[in-house]
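The values are calculated or read from the model by the stated rules, or taken from the named source; none is laboratory data. From a predicted model like this one, the values you see are computed outputs, not experimental measurements. Glycine also receives a Cβ, built like all others from the backbone with ideal geometry; neighbour counts cover every protein chain displayed. Note: accessible area is taken over every heavy atom of the protein model, side chains too, but ligands, DNA and RNA are not part of it. Shrake-Rupley method; radii C 1.70, N 1.55, O 1.52, S 1.80 Å.
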Amino acid sequence: MNLIFFGFFLISARAQDNLRYEGPLTIGNYTGDATYGYVVSNGDTILNGPFRLKRANLDALLQKQDYSFDFSGRYVNDYPTGFWDFKFGEFKSNNESQVIDYQYRVAVSGIQEEASGNLVKGKPDGTWTYTVNRIEDSEVSQTLFKSSILFDKGVPQQSFRIENDSLTLAGRFLRNGLAHDEWSLFESTGLGAAESWFFDDGLLHKIQYELDGTLTTIPIYQDRPNRTQIVNLDTRYIKVLTIWQSLDRTSSTSIGGSMQYLLSENATYYKKIDDILSELGKSSFLPEFKVKVPFYPLTDNEERTLDSITQQFEKAKGASDSFLSDTQLNILKLSDEEAAYLYAVTDSISKNFLNPIARILEYREQEVLRHLPLGALIESLWPDGKPTTNIGVTITLDSITKEKNFEASNTKGFQFSKNDVASLGELMDYASICMDSIQQVLNKRLTNEKRQQELVAIEERLIAQQQQLKMYVDTANVSSNAERKALNQLKSLADAELTEYASLEGLEPKLKDARDLLDCFEAYGYLARSVALLPDNWKTIQEKYKDRIWNPFMATLMDEEVKKRITSAYRKALVPYFLAKISPGLECDEVEPLNALMQDTYQRMLELRLENTAKLERKLRRTTDPETVLELFGLTSTLKTKE
């Protein structure tokens with residue numbers, strides 16, 4: 001028992017031994033040479049120990065340009081921990097070098113990024129700096145971006161500073177990471193703050209900015225909301241601020257973008273580091289600047305209503321967009337009053353019903369709806385009042401303008417007046433009813449129009465095919481009256497089919513017959529080519545069935561026809577049989593099989609020349625029936641037998 005336990009202990013200890021990897025490694029878009037420590041536990045690889053991944057290519061630098069990177073730090077039990085340093089560079093050389101301390105050195109120019117700081121279990125801790133410099137001839141010529149943020153296990157603390165080549169942002173946080181006091185944005189060319197955000201325990205109260213010497217104040221959340229929620233200061237937060245400001249009809253100002261641009265730039269750089277660390281092990285590197293926003297949770301019933309609105313909206317919006325962009329309808333409405341009327345109604349429903357609802361659904365999808373006062377938001381979407389069940393439109397046709405109204409049936413009971421989710425649901429219900437009604441009419445109209453246009457296009461192709469067949473028949477160089485007669489018969493068959501087609505009435509019968517005739521006329525054309533090729537095919541067969549034979553009387557080699565019974569059967573039985581089939585009684589579904597049989601027979605004639613045909617020739621001596629000949633040739637005729 002003790003021996004077994006000791007063996008298990010040895011195996012476990014070896015499984016936990018630190019191992020070392022040296023070789024190529026790819027992390028996202030970065031492929032380079034890596035060295036790192038790790039352990040294997042229960043089949044899983046856990047990073048543990050020093051880590052480094054780097055890349056630099058001198059040949060690429062000297063030829064054109066090179067991108068380089070160098071990431072180094074340490075992992076403890078799969079968590080990046082301790083001091084980490086990240087360098088990214090894109091450089092090109094000036095192709096000039098110098099020797100310093102027995103080393104060749106090449107001056108480079110480009111962009112160098114560097115981020116460094118401490119991590120605790122994958123979270124930034126202490127002061128982190130991120131710097132982006134422009135390098136010219138291996139010297140820093142300009143600092144394009146720099147941020148310095150103090151963290152406590154991922155939570156930003158105290159003061160921070162973010163700057164680029166033209167702006168500097170300074171602000172501070174409470175211990176819990178909430179934004180607090182004044183955040184000021186300075187321009188490099190100005191004296192005072194160009195823009196300031198004033199927070200109180202994470203809640204923004206106002207924004208001030210100076211424009212053309214005038215100080216403008218935008219009030220935000222001046223009346224402290226009953227309920228708030230802590231969120232990240234990210235693009236969603238900026239979206240909430242922008243919408244909130246638009247709800248204030250007394251204010252003509254809008255939130256500027258300089259501060260949010262700088263915060264977004266900082267987040268982009270930090271995300272680059274987070275992507276690298278997260279792909280390797282366990283990390284939560286992104287700085288979470290915390291703020292408070294009002295919180296207006298929806299009830300379960302409101303959520304269900306919005307789910308239903310979403311389903312109805314997708315169907316109605318798809319139909320309206322389809323009709324408004326339909327080329328055929330856009331042309332038809334220029335000359336058809338009903339089409340112009342229904343197009344105008346669809347356009348009105350799209351603008352006055354669907355587009356405002358789309359805004360609500362978009363805010364819900366972006367998870368900002370719960371931070372906005374729903375009543376004020378709905379009211380702002382229809383500043384001139386919600387539409388009614390009676391949809392009035394104006395149409396102009398042939399320089400005559402008409403006013404018309406559209407109202408769906410069973411409109412009693414619809415109430416759009418309230419600014420709540422229930423009224424929004426009824427408004428969507430009515431829009432769906434209207435679009436269903438319009439769709440039934442327009443689908444039928446457009447289907448008929450499309451079918452009519454399709455018919456016109458097919459008829460044009462039929463006429464072109466007929467003319468092409470006539471031209472081919474008239475110019476074909478054939479060697480016998482039977483071949484000429486067959487070609488003329490194909491032309492007559494096409495004329496007869498068109499004459500019969502012209503007597504049809506009704507769109508559906510004509511469209512079906514026209515589609516069938518396209519295939520029929522195409523088959524006529526192929527068969528006409530096969531007939532016209534008969535003289536050339538015969539010449540090829542004659543050449544193939546000649547052999548050099550010694551003539552003792554002439555004392556010379558002479559060409560002599562061989563396998564005469566086979567060539568005679570083809571020429572005297574099969575070719576006349578094929579041509580005779582091209583008669584007034586030839587139906588469209590027989591044309592393609594006849595053409596295929598003619599081509600197969602010609603190919604079989606070329607094959608028989610190389611085969612032992614003594615037995616076949618004896619059998620041909622006793623028959624001239626074309627169908628029997630085909631059978632002896634190993635061919636099967638699917639042609640109908642005329643009684």
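Here are a few things to note about the model shown:
- The share of accessible area on the chain that comes from carbon and sulfur is 48 percent, using a 1.4 angstrom probe.
- Label-reachable residues, region 255-288, where backbone N falls under 17 Å from a point 7 Å from S166's Cα toward its Cβ: 256-266
- Angle between the chain longest axis and helix 588-608 axis [Cα atoms, degrees, rounded to 10]: 80 degrees
- About its Cα centre, the dipole of region 274-388 is roughly 360 debye, where the only charges are +1 on Lys and Arg Cβ and -1 on Asp and Glu Cβ.
- Under the Karplus curve 6.51 cos²θ - 1.76 cosθ + 1.60, θ = phi - 60°, whole-Hz ³J(HN,Hα) for region 619-632, x wherever Gly or Pro sits: 6, 5, 5, 9, 8, 10, 5, x, 6, 5, 4, 4, 5, 5
- Residue-level accessible surface for Y526, protein heavy atoms, 1.4 Å, Å²: 120 Å²
- Per residue accessible area in Å² of region 419-476, where ligands, DNA and RNA are left out and the probe is 1.4 Å: 53 Å²
- Solvent-accessible area of D513 with every protein chain in place, 1.4 Å probe, in Å² to the nearest 10: 50 Å²
- Hydrodynamic estimate: the Kirkwood radius of region 122-181 over Cα pairs, inserted into Stokes-Einstein at 25 °C and 0.890 mPa s, corresponds to D of 194 µm²/s.
- Solvent-accessible area of D248 with every protein chain in place, 1.4 Å probe, in Å² to the nearest 10: 50 Å²
- Sorting V140, V231 by solvent-accessible area of protein heavy atoms yields V140, V231, largest first, with a 1.4 Å probe.
- Per-selection Rg to Rh, region 593-643 - Cα, Kirkwood hydrodynamic radius: 0.99
- Solvent-accessible area per residue for region 284-348 (1.4 angstrom probe, square angstrom): 48 Å²
- Computed label-point distance, nm, for sites T624 and A422 using a 7 Å Cα→Cβ extension: 9.9 nm
- MRE, 222 nm, helices only [DSSP H, n ≥ 4, -39500 (n - 2.57), over the chain, to nearest 500]: -14500 deg cm²/dmol
- Charge dipole (debye, nearest 20) of region 362-413; +1 at Cβ of Lys and Arg, -1 at Cβ of Asp and Glu: 200 debye
- Region 425-449-region 459-476 distance, computed between alpha-carbon centres (Å): 45 Å
- Principal semi-axes in Å for the chain [√(5λ), Cα gyration tensor, largest first]: 79, 48, 26
- Separation of region 111-151 and region 567-588, taken as the distance between their Cα centroids, equals 90 angstrom.
- Amide H contacts under 5 Å for L233, placed H, 5+ residues apart: F289, K290, V291
- When all protein chains stay in place and ligands, DNA and RNA are ignored, the 1.4 Å accessible-area order of E337, E505, largest first, is E505, E337.
- Cα Rg, Dmax, region 294-410, angstrom units: 17.3, 55
- About its Cα centre, the dipole of region 285-326 is roughly 200 debye, where the only charges are +1 on Lys and Arg Cβ and -1 on Asp and Glu Cβ.
- Placed amide H near K121: partners under 5 Å, 5+ positions off or other chain: G82
- Top positive-direction residue, dipole computed over the chain with Cβ charges, set L527, T268, N448: L527
- In region 309-415, trypsin sites (Lys or Arg not before Pro) in a DSSP loop with at most 14 other beta-carbon atoms within 10 Å: K412
- Annotation: extensible slack from L606 through D326 equals 95.2 nm (criterion: 0.36 nm per residue apart, minus Cα-Cα distance).
- Positive dipole terminus of region 286-417, leading residue within I400, L334, Q311 (C-beta point charges): Q311
- Pairs with C-alpha atoms separated by more than 25 Å, drawn from the list K54/K123; K87/K123; K491/K581; K271/K292; K512/K581; K123/K206, are K512/K581; K123/K206.
- For the residue pairs K351/K510; K485/K544; K315/K412; K418/K450, the alpha carbons lie more than 32 Å apart in K351/K510; K418/K450.
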